[in-house]
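Contents: one structure, followed by commentary.
The values are calculated or read from the model by the stated rules, or taken from the named source; none is laboratory data. Everything numeric in this text was worked out from a predicted model, so none of it was measured. Surface accessibility is based on the protein's heavy atoms, side chains included, excluding ligands, DNA and RNA. Shrake-Rupley method; radii C 1.70, N 1.55, O 1.52, S 1.80 Å.
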Amino acid sequence: MDERLNSIISEIREKCKKTNCTEFEYYWEYYGLLWYPWSLEINDKSESFTFNDISYKDLEELCSEGLIELVKEYSKDELEDEYDRKRYRIIDNMQHF
């Protein structure tokens, strides 16, 4: 795993630890041509990150590394303005906290 992904998972773990939570949600919203802002929420609160371009590819790689797992993919009926909302859980978080 590269340094960038290590930084992303470390930051996610840190923010989850502060809120005593092991799960987070990731989604994106479409606001216009070529602008797809993403959001990562912990306990229903949007968090900012050092990397401003975290993608599903990053999260899929963290899943394949066994650091997080996909818990839920929301159906279109459950979504409002967002697209592709997914819930993830940190795996084995007690070792990393």
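The table below lists the values:
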quantity	calculated
Solvent accessible area, Å² - R4, 1.4 Å probe, full protein context	60 Å²
Probe 1.4 Å - accessible area at E23, Å² to nearest ten	40 Å²
Residue-level accessible surface for K57, protein heavy atoms, 1.4 Å, Å²	140 Å²
Calculated P(r) of segment 43-89 - Cα pairs past 15 Å, %	56 percent
